[in-house]
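Bear in mind these aren't lab numbers, they're just calculated from the coordinates by the rules spelled out. The model shown is predicted, which means the values in this text are computed figures rather than measured ones. Here the Cβ positions follow ideal geometry from the backbone for every residue, glycine too, while neighbour counts run over all protein chains shown.
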């Protein structure tokens, strides 16, 4: 037996109990920080899901108000909705505007039953009344009568002289983009 391969037991050394405990403490602190980060992400994800669902319900409620042609005898309307296997409640309020035949409608959506209190998850505002076109009455051409469409079609004929009166002429709006030329 060679003397290089044989060692006495006292010369071999492993980890002491203190070293093992310190290593376990470092691992435990790292895992607890990781769990805090993961639980925060899960909580934020759940909140964003609830907020998105509440926003959808608020927009749906605004559409219902416009389509049902509700009489404005009262200034508030509340109710409960069952959506996404949960119970929600809404608060619809009607406000006067400077136009007598128009109302501003504000819908707030809350999580839980109507008895529960808390902050609104979503709020949407819309308008309804005789001064607003009825739903579905658009003919699809939004540029007719638009100030943006008429401003782009008018060009001044004398833009170089400052202070000189300018006259505008209507030029037709191009329907197709110009074809780019290739470099020489």
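Can you list, largest first and rounded to whole Å, the semi-axes you get for the range 42-129 by taking the square root of 5 times each eigenvalue of its Cα gyration tensor?
26, 13, 11
With labels modelled as points extended 7 Å from the Cα through the Cβ direction, what inter-label distance (nm, one decimal) is found for residue 82 paired with residue 125?
3.4
Just want the ordering: 93, 108, from fewest to most Cβ atoms lying within 10 Å of their own Cβ.
Fewest to most other Cβ atoms nearby, the residues stand as 93, 108.
With an 8 Å Cα cut-off and a minimum separation of 6 or more residues, compute the relative contact order for the range 42-129 in percent.
After rounding, I find 28 percent.
Rounded to the nearest 0.05, what FRET efficiency do residue 117 and residue 67 give with R0 = 22 Å and r taken as the Cβ-Cβ distance? Could you check?
The pair residue 117/residue 67 has a calculated efficiency of 0.15.
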